[in-house]
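A short worksheet on the structure shown next.
The values are calculated or read from the model by the stated rules, or taken from the named source; none is laboratory data. Since the model is a prediction, treat every value here as computed from it, not as a measurement. Cβ: placed from backbone, ideal geometry, glycine included. Neighbour counts: every protein chain shown.
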Amino acid sequence: MSIRERMSGNEAIATAMRQIDPDVFAMFPITPSTEIPQYFAQYVADGKVNTEFICVESEHSSLSACLGAEAAGCRAVTATSSAGLSYMNEVLYVAGSLRLPVVLAVACRALTGPININHDYSDSLAARDSGFIQLYAENNQEVYDNYLMAHRIAEHPDVRLPLMVCEDGFITSHAIENIELEEDAQVKAFVGEYHPEHYLLKEENPLAVGPYGVSGYYMEARVAQAQAMINAKQVILDVAADFAKTFGRSYGFFESYRMEDAEIAMVIMGSSAGTAKACVDALRAEGVKAGLVKLRVFRPFPGEELAAALQHCKAVAIMDKSEGFSSMGGPLFAETAGAVLNLEHHPRMIDIVYGLGGRDFTVEAARSVYGRLAGIAAGGDLGPVYTHMGQREK
(Lines give C-alpha, C1' and ligand atoms only; values in the text may rest on other atoms or scores of the structure.)
Protein backbone atom coordinates (compact mmCIF):
# COMPACT_ATOMS: atom_id res chain seq x y z
CA MET A 1 0.00 0.00 0.00
CA SER A 2 1.36 3.42 -0.99
CA ILE A 3 2.52 5.80 1.74
CA ARG A 4 1.52 9.47 1.44
CA GLU A 5 4.50 11.73 2.09
CA ARG A 6 5.91 15.16 1.27
CA MET A 7 9.49 15.47 0.05
CA SER A 8 11.83 17.01 -2.50
CA GLY A 9 13.03 15.28 -5.64
CA ASN A 10 16.48 14.84 -4.11
CA GLU A 11 15.04 13.17 -1.02
CA ALA A 12 12.80 11.03 -3.23
CA ILE A 13 15.86 9.75 -5.12
CA ALA A 14 17.77 9.15 -1.88
CA THR A 15 14.74 7.31 -0.47
CA ALA A 16 14.57 5.08 -3.54
CA MET A 17 18.29 4.40 -3.18
CA ARG A 18 17.82 3.47 0.48
CA GLN A 19 15.01 1.08 -0.39
CA ILE A 20 17.10 -0.57 -3.11
CA ASP A 21 20.23 -0.64 -0.89
CA PRO A 22 22.94 -0.61 -3.59
CA ASP A 23 26.32 -2.24 -2.99
CA VAL A 24 28.34 0.93 -3.64
CA PHE A 25 27.64 4.68 -3.62
CA ALA A 26 30.64 6.75 -4.72
CA MET A 27 29.97 10.42 -4.06
CA PHE A 28 31.31 13.88 -4.77
CA PRO A 29 29.07 16.91 -4.07
CA ILE A 30 27.87 19.50 -6.56
CA THR A 31 24.83 21.80 -6.45
CA PRO A 32 21.96 20.98 -6.83
CA SER A 33 22.53 17.23 -6.48
CA THR A 34 24.49 17.43 -3.20
CA GLU A 35 21.48 16.62 -1.03
CA ILE A 36 21.24 13.13 -2.53
CA PRO A 37 24.52 11.88 -1.02
CA GLN A 38 23.83 13.96 2.12
CA TYR A 39 20.57 12.13 2.75
CA PHE A 40 22.18 8.82 1.91
CA ALA A 41 25.13 9.46 4.22
CA GLN A 42 22.62 9.77 7.07
CA TYR A 43 21.10 6.42 6.11
CA VAL A 44 24.60 4.92 6.25
CA ALA A 45 25.26 6.50 9.65
CA ASP A 46 21.93 5.23 10.98
CA GLY A 47 22.60 1.69 9.76
CA LYS A 48 19.63 1.69 7.38
CA VAL A 49 21.66 0.43 4.41
CA ASN A 50 24.55 -1.96 3.86
CA THR A 51 26.06 0.18 1.11
CA GLU A 52 29.78 0.87 0.83
CA PHE A 53 29.74 4.69 0.84
CA ILE A 54 32.89 6.09 -0.76
CA CYS A 55 33.91 9.77 -0.62
CA VAL A 56 36.22 10.54 -3.53
CA GLU A 57 38.10 13.61 -4.77
CA SER A 58 36.13 14.41 -7.95
CA GLU A 59 33.19 13.52 -10.12
CA HIS A 60 35.55 11.77 -12.55
CA SER A 61 36.61 9.57 -9.64
CA SER A 62 33.07 8.95 -8.39
CA LEU A 63 31.95 7.45 -11.69
CA SER A 64 35.27 5.63 -12.06
CA ALA A 65 34.74 4.00 -8.65
CA CYS A 66 31.26 2.96 -9.75
CA LEU A 67 32.70 1.36 -12.86
CA GLY A 68 35.16 -0.64 -10.78
CA ALA A 69 32.33 -1.78 -8.53
CA GLU A 70 30.11 -2.78 -11.44
CA ALA A 71 33.01 -4.61 -13.09
CA ALA A 72 33.28 -6.63 -9.88
CA GLY A 73 29.59 -7.58 -10.08
CA CYS A 74 28.22 -4.94 -7.68
CA ARG A 75 25.23 -2.62 -8.06
CA ALA A 76 26.69 0.92 -8.01
CA VAL A 77 25.14 4.40 -7.98
CA THR A 78 26.15 8.04 -7.83
CA ALA A 79 24.72 11.53 -8.43
CA THR A 80 25.90 14.75 -10.04
CA SER A 81 24.97 17.95 -11.87
CA SER A 82 26.22 20.38 -14.49
CA ALA A 83 30.02 20.70 -14.59
CA GLY A 84 30.25 17.54 -12.50
CA LEU A 85 28.61 15.59 -15.31
CA SER A 86 30.95 17.25 -17.80
CA TYR A 87 33.93 16.29 -15.65
CA MET A 88 32.71 12.69 -15.86
CA ASN A 89 32.58 12.89 -19.66
CA GLU A 90 35.46 10.51 -20.41
CA VAL A 91 34.12 7.92 -17.97
CA LEU A 92 30.55 8.18 -19.32
CA TYR A 93 31.71 6.71 -22.61
CA VAL A 94 33.73 4.02 -20.84
CA ALA A 95 30.64 2.99 -18.84
CA GLY A 96 28.59 2.65 -22.00
CA SER A 97 31.23 0.80 -24.00
CA LEU A 98 31.98 -1.65 -21.15
CA ARG A 99 28.21 -2.23 -20.74
CA LEU A 100 28.25 -1.43 -17.02
CA PRO A 101 24.73 -0.61 -15.74
CA VAL A 102 25.57 2.19 -13.31
CA VAL A 103 22.54 4.31 -12.38
CA LEU A 104 23.42 8.01 -12.26
CA ALA A 105 21.04 10.58 -10.75
CA VAL A 106 21.40 13.96 -12.49
CA ALA A 107 19.90 17.15 -11.08
CA CYS A 108 20.03 19.00 -14.40
CA ARG A 109 21.66 22.42 -14.29
CA ALA A 110 23.05 24.88 -16.81
CA LEU A 111 26.66 24.59 -17.88
CA THR A 112 29.19 27.38 -17.65
CA GLY A 113 29.59 29.97 -19.08
CA PRO A 114 28.71 32.36 -17.79
CA ILE A 115 28.59 30.67 -14.38
CA ASN A 116 25.02 29.71 -13.54
CA ILE A 117 23.57 27.28 -11.01
CA ASN A 118 19.98 27.19 -12.28
CA HIS A 119 18.11 24.70 -14.41
CA ASP A 120 18.27 23.76 -18.04
CA TYR A 121 19.29 20.57 -19.87
CA SER A 122 22.65 21.67 -21.26
CA ASP A 123 24.46 19.19 -18.99
CA SER A 124 22.50 15.98 -19.61
CA LEU A 125 21.83 16.63 -23.29
CA ALA A 126 25.53 17.30 -23.88
CA ALA A 127 25.97 13.66 -22.81
CA ARG A 128 23.11 12.33 -24.95
CA ASP A 129 25.41 10.29 -27.22
CA SER A 130 27.57 8.80 -24.46
CA GLY A 131 25.69 5.50 -24.42
CA PHE A 132 23.54 6.22 -21.34
CA ILE A 133 19.82 5.60 -21.29
CA GLN A 134 18.13 8.86 -20.22
CA LEU A 135 14.83 9.22 -18.33
CA TYR A 136 13.30 12.64 -17.53
CA ALA A 137 10.61 13.59 -15.01
CA GLU A 138 7.96 16.30 -14.74
CA ASN A 139 7.58 16.15 -10.96
CA ASN A 140 8.88 14.50 -7.80
CA GLN A 141 6.60 11.48 -8.14
CA GLU A 142 8.00 10.73 -11.56
CA VAL A 143 11.55 11.22 -10.28
CA TYR A 144 10.93 8.57 -7.61
CA ASP A 145 9.14 6.20 -9.97
CA ASN A 146 11.79 6.53 -12.68
CA TYR A 147 14.45 5.61 -10.15
CA LEU A 148 12.56 2.52 -9.03
CA MET A 149 12.47 1.32 -12.64
CA ALA A 150 16.02 2.36 -13.52
CA HIS A 151 18.00 -0.63 -12.24
CA ARG A 152 15.69 -3.18 -13.83
CA ILE A 153 16.05 -1.45 -17.19
CA ALA A 154 19.82 -0.92 -17.02
CA GLU A 155 20.64 -4.38 -15.68
CA HIS A 156 18.43 -6.37 -18.06
CA PRO A 157 20.52 -9.00 -19.91
CA ASP A 158 19.36 -7.63 -23.28
CA VAL A 159 20.47 -4.12 -22.31
CA ARG A 160 23.27 -3.81 -19.74
CA LEU A 161 23.78 -0.10 -20.29
CA PRO A 162 24.27 2.76 -17.81
CA LEU A 163 21.27 4.97 -17.11
CA MET A 164 20.66 8.59 -16.08
CA VAL A 165 17.63 9.47 -13.97
CA CYS A 166 17.25 13.18 -14.76
CA GLU A 167 15.36 15.71 -12.63
CA ASP A 168 15.15 19.50 -12.95
CA GLY A 169 17.70 21.26 -10.77
CA PHE A 170 16.03 23.17 -7.90
CA ILE A 171 12.60 22.99 -9.59
CA THR A 172 12.10 19.33 -8.71
CA SER A 173 15.33 18.60 -6.85
CA HIS A 174 14.53 21.03 -4.00
CA ALA A 175 10.79 21.76 -4.21
CA ILE A 176 8.63 19.88 -1.69
CA GLU A 177 5.65 18.06 -3.23
CA ASN A 178 3.11 15.46 -2.21
CA ILE A 179 4.34 12.02 -3.20
CA GLU A 180 3.33 8.39 -2.89
CA LEU A 181 6.14 6.17 -1.63
CA GLU A 182 6.02 2.41 -1.78
CA GLU A 183 6.78 0.06 1.10
CA ASP A 184 10.40 -1.04 1.40
CA ALA A 185 9.63 -4.72 0.97
CA GLN A 186 7.58 -4.10 -2.17
CA VAL A 187 10.35 -1.98 -3.69
CA LYS A 188 12.96 -4.64 -2.99
CA ALA A 189 10.73 -7.29 -4.52
CA PHE A 190 10.07 -5.15 -7.61
CA VAL A 191 13.69 -4.12 -8.22
CA GLY A 192 15.19 -7.47 -7.21
CA GLU A 193 18.73 -8.40 -6.28
CA TYR A 194 21.62 -7.92 -8.70
CA HIS A 195 23.49 -11.15 -9.40
CA PRO A 196 25.00 -10.86 -12.89
CA GLU A 197 25.95 -14.20 -14.37
CA HIS A 198 28.97 -12.76 -16.14
CA TYR A 199 30.81 -9.68 -14.89
CA LEU A 200 34.12 -8.30 -16.08
CA LEU A 201 36.29 -9.15 -13.07
CA LYS A 202 34.81 -12.58 -12.39
CA GLU A 203 37.65 -14.84 -11.23
CA GLU A 204 36.34 -17.87 -13.10
CA ASN A 205 36.16 -15.93 -16.37
CA PRO A 206 39.47 -14.08 -16.89
CA LEU A 207 39.47 -11.63 -19.77
CA ALA A 208 40.95 -8.35 -20.89
CA VAL A 209 39.02 -5.29 -19.73
CA GLY A 210 39.05 -2.13 -21.84
CA PRO A 211 41.66 -3.30 -24.38
CA TYR A 212 42.71 -1.28 -27.40
CA GLY A 213 39.96 -1.62 -30.00
CA VAL A 214 41.72 -2.10 -33.30
CA SER A 215 39.91 -1.25 -36.52
CA GLY A 216 38.97 -4.86 -37.08
CA TYR A 217 36.91 -5.02 -33.88
CA TYR A 218 35.96 -1.48 -32.78
CA MET A 219 32.92 -1.17 -35.03
CA GLU A 220 31.49 -4.52 -33.94
CA ALA A 221 31.63 -3.40 -30.32
CA ARG A 222 29.84 -0.17 -31.17
CA VAL A 223 27.15 -1.96 -33.16
CA ALA A 224 26.52 -4.33 -30.24
CA GLN A 225 26.20 -1.29 -27.96
CA ALA A 226 23.77 0.35 -30.41
CA GLN A 227 21.69 -2.82 -30.54
CA ALA A 228 21.51 -2.83 -26.73
CA MET A 229 20.06 0.69 -26.87
CA ILE A 230 17.47 -0.49 -29.38
CA ASN A 231 16.67 -3.44 -27.09
CA ALA A 232 16.17 -1.00 -24.22
CA LYS A 233 12.98 0.33 -25.84
CA GLN A 234 11.04 -2.88 -25.27
CA VAL A 235 12.58 -3.39 -21.83
CA ILE A 236 11.50 0.12 -20.78
CA LEU A 237 7.92 -0.69 -21.78
CA ASP A 238 8.00 -4.12 -20.12
CA VAL A 239 9.32 -2.72 -16.84
CA ALA A 240 6.74 0.11 -16.96
CA ALA A 241 3.95 -2.44 -17.48
CA ASP A 242 5.10 -4.41 -14.44
CA PHE A 243 5.40 -1.15 -12.48
CA ALA A 244 1.80 -0.24 -13.36
CA LYS A 245 0.62 -3.70 -12.35
CA THR A 246 2.54 -3.54 -9.05
CA PHE A 247 2.08 0.09 -8.00
CA GLY A 248 -0.75 1.41 -10.17
CA ARG A 249 1.08 4.27 -11.92
CA SER A 250 1.52 4.06 -15.69
CA TYR A 251 4.43 5.26 -17.84
CA GLY A 252 5.51 5.04 -21.46
CA PHE A 253 8.08 6.72 -23.66
CA PHE A 254 6.09 9.93 -23.37
CA GLU A 255 2.76 11.27 -22.16
CA SER A 256 0.25 12.40 -24.77
CA TYR A 257 -1.86 15.16 -23.20
CA ARG A 258 -5.11 16.02 -24.98
CA MET A 259 -3.61 14.86 -28.27
CA GLU A 260 -6.56 12.82 -29.58
CA ASP A 261 -7.76 15.53 -31.96
CA ALA A 262 -5.03 18.14 -31.50
CA GLU A 263 -4.27 20.35 -34.49
CA ILE A 264 -1.46 22.25 -32.79
CA ALA A 265 0.91 20.71 -30.27
CA MET A 266 4.06 21.20 -28.24
CA VAL A 267 6.83 18.66 -27.56
CA ILE A 268 8.47 19.39 -24.23
CA MET A 269 10.41 17.75 -21.38
CA GLY A 270 10.47 17.96 -17.59
CA SER A 271 8.74 20.33 -15.19
CA SER A 272 7.84 22.86 -17.90
CA ALA A 273 5.25 20.35 -19.11
CA GLY A 274 3.09 21.13 -16.08
CA THR A 275 3.00 24.81 -17.03
CA ALA A 276 2.22 23.98 -20.63
CA LYS A 277 -0.60 21.60 -19.60
CA ALA A 278 -2.30 24.47 -17.73
CA CYS A 279 -2.14 26.48 -20.95
CA VAL A 280 -3.56 23.58 -23.00
CA ASP A 281 -6.49 23.28 -20.60
CA ALA A 282 -7.23 27.00 -20.90
CA LEU A 283 -7.04 26.88 -24.69
CA ARG A 284 -9.30 23.84 -24.85
CA ALA A 285 -11.88 25.74 -22.78
CA GLU A 286 -11.73 28.40 -25.51
CA GLY A 287 -12.29 25.83 -28.25
CA VAL A 288 -8.68 25.65 -29.46
CA LYS A 289 -7.56 22.11 -30.38
CA ALA A 290 -4.23 22.25 -28.55
CA GLY A 291 -2.24 19.31 -27.22
CA LEU A 292 1.08 18.40 -25.72
CA VAL A 293 3.60 15.55 -25.77
CA LYS A 294 5.81 15.30 -22.69
CA LEU A 295 8.87 13.26 -23.50
CA ARG A 296 10.03 10.95 -20.69
CA VAL A 297 12.61 8.84 -22.53
CA PHE A 298 15.23 10.73 -24.53
CA ARG A 299 17.61 7.79 -24.95
CA PRO A 300 16.68 5.53 -26.60
CA PHE A 301 14.80 8.12 -28.62
CA PRO A 302 11.24 6.89 -29.39
CA GLY A 303 11.22 8.27 -32.92
CA GLU A 304 8.58 6.06 -34.54
CA GLU A 305 6.21 6.37 -31.61
CA LEU A 306 6.61 10.15 -31.39
CA ALA A 307 6.08 10.54 -35.13
CA ALA A 308 2.85 8.57 -34.86
CA ALA A 309 1.65 10.82 -32.03
CA LEU A 310 2.32 13.98 -34.06
CA GLN A 311 1.35 12.93 -37.58
CA HIS A 312 -2.22 14.25 -37.46
CA CYS A 313 -1.17 17.71 -36.22
CA LYS A 314 -0.96 20.72 -38.51
CA ALA A 315 1.77 22.59 -36.59
CA VAL A 316 4.13 21.54 -33.79
CA ALA A 317 6.58 23.49 -31.63
CA ILE A 318 9.60 21.64 -30.26
CA MET A 319 10.66 23.20 -26.96
CA ASP A 320 14.42 22.94 -26.37
CA LYS A 321 15.74 23.76 -22.89
CA SER A 322 19.26 23.43 -24.22
CA GLU A 323 21.08 25.37 -26.92
CA GLY A 324 22.65 23.11 -29.54
CA PHE A 325 24.78 25.86 -31.17
CA SER A 326 24.07 24.19 -34.51
CA SER A 327 22.48 27.28 -36.14
CA MET A 328 19.54 24.97 -36.84
CA GLY A 329 18.04 24.50 -33.37
CA GLY A 330 18.42 22.42 -30.24
CA PRO A 331 18.92 18.67 -29.78
CA LEU A 332 15.25 17.80 -29.16
CA PHE A 333 14.28 19.52 -32.41
CA ALA A 334 16.95 17.64 -34.37
CA GLU A 335 15.78 14.28 -33.00
CA THR A 336 12.08 15.01 -33.57
CA ALA A 337 12.61 16.40 -37.05
CA GLY A 338 14.51 13.27 -37.98
CA ALA A 339 11.71 11.12 -36.58
CA VAL A 340 8.97 12.71 -38.73
CA LEU A 341 11.08 13.11 -41.87
CA ASN A 342 9.68 10.10 -43.70
CA LEU A 343 6.04 10.55 -42.76
CA GLU A 344 3.90 10.94 -45.88
CA HIS A 345 2.16 13.88 -44.22
CA HIS A 346 3.94 15.54 -41.35
CA PRO A 347 3.25 18.72 -39.42
CA ARG A 348 4.99 22.00 -40.04
CA MET A 349 7.52 22.32 -37.23
CA ILE A 350 9.36 25.07 -35.43
CA ASP A 351 12.00 24.98 -32.71
CA ILE A 352 11.92 27.30 -29.70
CA VAL A 353 14.89 27.43 -27.36
CA TYR A 354 13.69 28.63 -23.96
CA GLY A 355 14.42 28.60 -20.24
CA LEU A 356 18.20 28.70 -20.48
CA GLY A 357 19.98 29.23 -17.17
CA GLY A 358 16.68 29.10 -15.30
CA ARG A 359 14.83 31.75 -17.34
CA ASP A 360 11.16 31.53 -16.35
CA PHE A 361 8.56 29.76 -18.49
CA THR A 362 5.00 30.90 -17.80
CA VAL A 363 1.51 29.96 -18.93
CA GLU A 364 1.42 33.18 -20.94
CA ALA A 365 4.71 32.25 -22.63
CA ALA A 366 3.20 28.88 -23.58
CA ARG A 367 0.09 30.67 -24.88
CA SER A 368 2.28 32.79 -27.17
CA VAL A 369 3.78 29.61 -28.64
CA TYR A 370 0.34 28.13 -29.29
CA GLY A 371 -0.75 31.45 -30.80
CA ARG A 372 2.07 31.26 -33.30
CA LEU A 373 1.22 27.63 -34.05
CA ALA A 374 -2.43 28.55 -34.66
CA GLY A 375 -1.34 31.04 -37.30
CA ILE A 376 0.87 28.45 -38.99
CA ALA A 377 -1.89 25.82 -38.88
CA ALA A 378 -4.26 28.30 -40.54
CA GLY A 379 -1.90 28.57 -43.51
CA GLY A 380 0.18 31.48 -42.33
CA ASP A 381 3.89 31.97 -42.85
CA LEU A 382 6.10 29.52 -40.97
CA GLY A 383 8.54 32.27 -40.10
CA PRO A 384 11.98 31.48 -38.71
CA VAL A 385 12.19 27.81 -37.76
CA TYR A 386 14.77 28.35 -35.02
CA THR A 387 14.10 31.07 -32.44
CA HIS A 388 14.77 31.90 -28.80
CA MET A 389 12.04 32.84 -26.36
CA GLY A 390 12.21 34.87 -23.17
CA GLN A 391 15.44 36.76 -23.69
CA ARG A 392 15.62 40.52 -23.20
CA GLU A 393 15.39 42.68 -26.28
CA LYS A 394 18.60 43.97 -27.81
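Checked against the criterion of being surrounded by fewer than 18 Cβ atoms within 10 Å (Cβ to Cβ), hydroxyl-bearing (S, T, Y), modelled with pLDDT of 95 or more and over 16 Å from P302 (Cβ atoms), segment 239-246 contains one or more residues that satisfy it. Just to verify a result, which residue in segment 156-191, among those that are of a type in the set (D, E) and either within 17 Å of the chain's Cα centre (by Cα) or assigned by TED's automatic domain parsing to the domain that holds F301 (or both), is nearest to R99 (Cα to Cα)? Selected residue: E167. For segment 112-165, a tally of residues being more than 28 Å from E183 (Cβ to Cβ), surrounded by 24 or more Cβ atoms within 10 Å (Cβ to Cβ) and acidic (D, E) returns 2.
Counting residues in segment 33-43 that are farther than 30 Å from N116 by Cα, modelled with pLDDT of 95 or more and either part of a helix (DSSP H, G or I) or among the polar types (S, T, N, Q) (or both) gives one or more. For the subset of segment 337-354 comprising residues that are out of contact with any Leu (no Cβ under 9 Å at 6 or more places or on another chain) and not hydrophobic (A, V, I, L, M, F, W, C), which member is surrounded by the fewest Cβ atoms within 10 Å (Cβ to Cβ)? Step by step, filter segment 337-354, then rank; the result is E344.
In this structure, G210 does not satisfy being modelled with pLDDT under 95, surrounded by fewer than 16 Cβ atoms within 10 Å (Cβ to Cβ) and either touching a strand residue (DSSP E or B) at 6+ places or on another chain (Cβ under 8 Å) or outside any loop (DSSP other than H, G, I, E, B) (or both). Residue under question is G357, and the condition is that it be surrounded by 13 or more Cβ atoms within 10 Å (Cβ to Cβ), touching a residue at least 40 places away in the same chain (Cβ under 8 Å) and in a helix (DSSP H, G or I); does it hold? Judged against the criteria, G357 is a match. Scanning segment 360-393 for residues that are surrounded by fewer than 17 Cβ atoms within 10 Å (Cβ to Cβ) and assigned to a loop (DSSP other than H, G, I, E, B) yields a total of 14.
Just to be sure before I move on: is M7 among the hydrophobic types (A, V, I, L, M, F, W, C) and farther than 19 Å from F132 by Cβ in the structure I sent?
yes
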